[in-house]
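The values are calculated or read from the model by the stated rules, or taken from the named source; none is laboratory data. Because the structure is a prediction, the values reported are computed rather than measured. As a convention, Cβ positions derive from the backbone with ideal geometry for all residues, glycine included, and neighbour counts pool all protein chains shown.
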Amino acid sequence: MKDLSHSFDSNIAFIESQGKVNWISVELGSNISKSSYSNFLEGVASESNIHSIYLGDGSRKMDLDYSMIHKGPRSQSRIETKGVLMDESEKIFKGNLDFKRGARRSKGVEEEYVILLDPRVKSNSIPALLCEEDDVEGEHAASAGQINESKLFYLMSRGLSEREAKKLIVEASFRPIIDRIPLEHSRRLIIEEIERRLIDA
């Protein structure tokens, strides 16, 4: 039966002086999903971090929109996203670092890395860096590619099947973010679902 589920998730945070907000996002579910995180770093030395993973399979379509709006001086932000696309899934990633006037000596970093397991997937990444202030640091990186063949060969030479080797590489990519989740039960459920998707592929 075709999955017809839709998911729309919007999150907003206003961070005052020396405040800190950490987000962990896991996108595994709906056939069509839109996830938005907007962080307004208002105060001095405010901080926000987004760590996210996503797995697209079948015909799933994902739209990820993460924004860090720096207003306070010495504010800090980080966007770290890791994903896997397979079958005919599609993804749009939009990461925004926006340094407003007055956000001097602030720093923002955004990075997205996606593994493409099938040639039919569609991966679009749109990192944006906006700046109204001189004394700031902004870094962004986005990369997409297939699994490293030498890693795959090494694991298969140790007795793993191609599917098992790919699963291990994907889990290794996701693990640093999954390990940030404080609830062991949630971590276990996420890992089991990822394994199921990859094994049944």
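Just a few scattered comments:
- Residue list for the range 16-26, restricted to those being surrounded by 15 or more Cβ atoms within 10 Å (Cβ to Cβ) and free of Cβ contacts under 8 Å to residues at least 40 places away in the same chain: Gly19, Val21, Trp23, Ser25
- Among the conditions (1) within 18 Å of Phe174 (Cα to Cα); (2) touching a residue at least 60 places away in the same chain (Cβ under 8 Å); (3) crowded, with 21+ Cβ neighbours inside 10 Å, Tyr54 misses just one, which is (2).
- Residue among Asp134, Asp98 that alone is part of a strand (DSSP E or B), of a type in the set (Asp, Glu) and closer than 30 Å to Gly72 by Cβ: Asp98
- Criterion: within 19 Å of Arg196 (Cβ to Cβ), of a type in the set (Ser, Thr, Tyr) and out of contact with any Cys (no Cβ under 8 Å at 6 or more places or on another chain) - qualifying residue of Ser30, Ser67: Ser30
- Scanning the range 57-88 for residues that are touching an Asp or Glu at 6+ places or on another chain (Cβ under 6 Å), farther than 29 Å from Ile15 by Cα and either free of Cβ contacts under 8 Å to residues at least 40 places away in the same chain or of a type in the set (Ser, Thr, Tyr) (or both) yields Ser59, Lys61.
- Residue within the range 141-159 that is among the polar types (S, T, N, Q), touching a Ser or Thr at 6+ places or on another chain (Cβ under 9 Å), surrounded by 19 or more Cβ atoms within 10 Å (Cβ to Cβ) and under 27 Å from Asn31 (Cβ atoms) present: no
- Members of the range 137-155 that are outside any helix (DSSP H, G or I) and without any contact (Cβ under 8 Å) to a residue 40 or more places away in the chain: Glu137, Glu139, Ala141, Ser143, Ala144, Gly145, Gln146, Ile147, Asn148
- Across the range 101-130, the qualifying residues are those that are among the charged types (D, E, K, R), more than 22 Å from Lys34 (Cα to Cα) and part of a loop (DSSP other than H, G, I, E, B), and the one among them that is modelled with the lowest pLDDT is Asp118.
- In the range 165-194, the residue that is nearest to Pro119 (Cα to Cα) out of those that are among the acidic types (Asp, Glu) and surrounded by 14 or more Cβ atoms within 10 Å (Cβ to Cβ) is Glu171.
- Checked across the range 174-185, the condition of being touching a residue at least 40 places away in the same chain (Cβ under 8 Å), under 25 Å from Gln76 (Cα atoms) and in a loop (DSSP other than H, G, I, E, B) holds for at least one residue.
- Filter pass, Ala165 being more than 21 Å from the chain's Cα centre (by Cα) and at pLDDT below 90: yes
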